[in-house]
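Working notes, beginning with the structure itself.
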Amino acid sequence: MFTASIASGYPLGNITSEINKRLDNYNFPTGYRYVWGGDAEMMTETFVEMLRTFVLAILLTYMLLAAILESFAQPLLIMATVPMALIGVILALLLTRLSLNIISMMSIIMLVGIVVNNAILILDYVNLKRREGYSVHDALLEAGELKLKPIVMSTLAIIAGMIPMALGTGGSGKEIYQPMGIVSIGGLIVSTFLTLVIIPAFYFLTTKNIHNK
């Protein structure tokens with residue numbers, strides 16, 4: 001059995017990932033293998049719990065949207081913003097060479113409740129205009145024009161608040177929470193851009209036009 005402690009400021013996930021890469025290339029004798037214990041084992045268990053929490057957050061968000069919009073289809077369209085945010089998360093982690101750790105997963109769960117807001121603003125206004133007699137095309141054009149500013153401003157406000165955390169400024173423990181800022185910013189930027197383009201396009205393709213006003 002080998003025991004070790006990590007130096008201050010070094011994420012446990014990065015260290016275990018690097019060790020795993022090197023041990024994967026090592027041919028153990030027959031009947032021998034390696035397992036993690038201690039904090040590394042607890043981290044693995046926490047990852048599993050975080051994954052369950054993520055799935056639960058998806059389900060609860062869908063149920064809430066279905067109740068608000070009184071539809072089972074539109075919440076699915078809105079929930080498409082979550083995979084878009086995950087694209088930004090992966091890109092942010094790759095660019096900064098950070099590994100997916102517990103703090104990063106907490107940020108992803110947090111993003112589930114944030115990134116859907118932009119799609120809700122657009123589709124709620126589109127539904128309002130369609131009830132007034134607008135066609136899907138005209139309703140989407142007006143929603144995109146009127147909701148662009150509030151969506152961009154709210155996203156920039158959240159990103160601005162996350163920048164100090166992403167830069168790692170502050171007191172002790174800043175290295176631990178830095179991935180939260182990086183993941184949040186990456187997910188918000190990509191999901192906001194894709195939401196403004198892809199969600200209206202999907203809505204238009206999956207919804208029949210009604211008579212123009």
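The values are calculated or read from the model by the stated rules, or taken from the named source; none is laboratory data. Keep in mind that this is a model prediction, so the values were computed, not measured. Positions of Cβ are backbone-derived with ideal geometry, glycine not excepted, and every protein chain shown enters the neighbour counts.
Phe72 is checked against (1) free of Cβ contacts under 8 Å to residues at least 24 places away in the same chain; (2) in a helix (DSSP H, G or I); (3) not small (Gly, Ala, Ser) and fails just one. What number does that condition carry?
Answer for Phe72: the failing condition is (2).
Out of all the residues in the range 173-183, is one or more at pLDDT 85 or above and surrounded by fewer than 15 Cβ atoms within 10 Å (Cβ to Cβ)?
no
So the check is Cβ under 6 Å with 6+ separation or different chains; which pairs have a first residue in the range 185-204 that's under 14 Å from Gly144 (Cβ atoms) and surrounded by 22 or more Cβ atoms within 10 Å (Cβ to Cβ) and a second one that's β-branched (Val, Ile, Thr) and at pLDDT 90 or above?
Cβ pairs passing all conditions: Thr192/Thr155.
Inside the range 160-172, can you point out the residues that are in a helix (DSSP H, G or I) and either crowded, with 19+ Cβ neighbours inside 10 Å or modelled with pLDDT under 90 (or both)?
Of everything in the range 160-172, those that are in a helix (DSSP H, G or I) and either crowded, with 19+ Cβ neighbours inside 10 Å or modelled with pLDDT under 90 (or both) turn out to be Gly161, Met162, Ile163, Pro164, Met165, Ala166, Leu167.
Considering (1) in a loop (DSSP other than H, G, I, E, B); (2) closer than 30 Å to Leu148 by Cβ, say which one Ile120 fails and leave the rest.
Result: Ile120 passes all but (1).
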